[in-house]
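The values are calculated or read from the model by the stated rules, or taken from the named source; none is laboratory data. Quantities reported herein were computed from a predicted structural model and do not represent experimental measurements. No Cβ is skipped: glycine too gets one built from the backbone with ideal geometry, and neighbour counts run over all protein chains shown.
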Amino acid sequence: MRLVFMSLICLSLSSPTVLSPIPAQSASENAAAGIAGHWLDTGDASIVLIAPCGQTFCGRLVAFKGDQNARDALNPKGSLKDRPVCGLEVLSDLSVRAENEWGGGRLYDPETGESYSATARLDEDRLNVRAFIGTEIFGETLVWSRVAAPAAPCTTSE
């Protein structure tokens, strides 16, 4: 399985976006926030905002390197291929399993059009997102870092 979430997006050479880990708040405030907040992905290429979505948590792409007008062209569902990557829900249905652990979720990689089962474990300012097909043992762990809200979030005209 090739899964380096959003790390290979073509970089825009005309106006590169710099995404770097910046502590969003103190460690005690982060612990109280739980999984909610802004997270920089493993490849430092995108920021996902995780927030409650009903009884579960979901995450939307709010900043990324590359073409800010990119579309979800590799989505296997033809009707979704033209939707913007900006604001795209890439993490969904995470429900609380135990303290600092969530499970039952889905992770979508717009770079490949692939979806994976997902779990997450919070370790201070790191979120270990486990993406897998079938059973967790055959998956890959992505380590995301908590960051401040992006100074220049992506925007879409749609």
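Structure summary
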| item | result |
| --- | --- |
| Which numbered condition S79 misses (of (1) of a type outside the set (D, E); (2) under 18 Å from G37 (Cα atoms); (3) outside any strand (DSSP E or B)) | (2) |
| Subset of the stretch 96-138 [surrounded by 14 or more Cβ atoms within 10 Å (Cβ to Cβ), of a type in the set (G, A, S) and outside any strand (DSSP E or B)] | G113 |
| Residue among A24, A63, A31, A51 that alone is at pLDDT below 50 and either outside any loop (DSSP other than H, G, I, E, B) or among the aromatic types (F, W, Y) (or both) | A31 |
| Condition check for R146: assigned to a strand (DSSP E or B), charged (D, E, K, R) and over 12 Å from the mean Cα position of the chain (by Cα) | no |
| Residue in the stretch 144-156 that is nearest to N100 (Cα to Cα), counting only those that are out of contact with any Gly (no Cβ under 9 Å at 6 or more places or on another chain) and loosely packed, with under 13 Cβ neighbours inside 10 Å | A151 |
| Every residue from the stretch 45-64 that is of a type outside the set (G, A, S) and closer than 14 Å to A149 by Cα | I47, V48, L49, I50, R60, L61, V62, F64 |
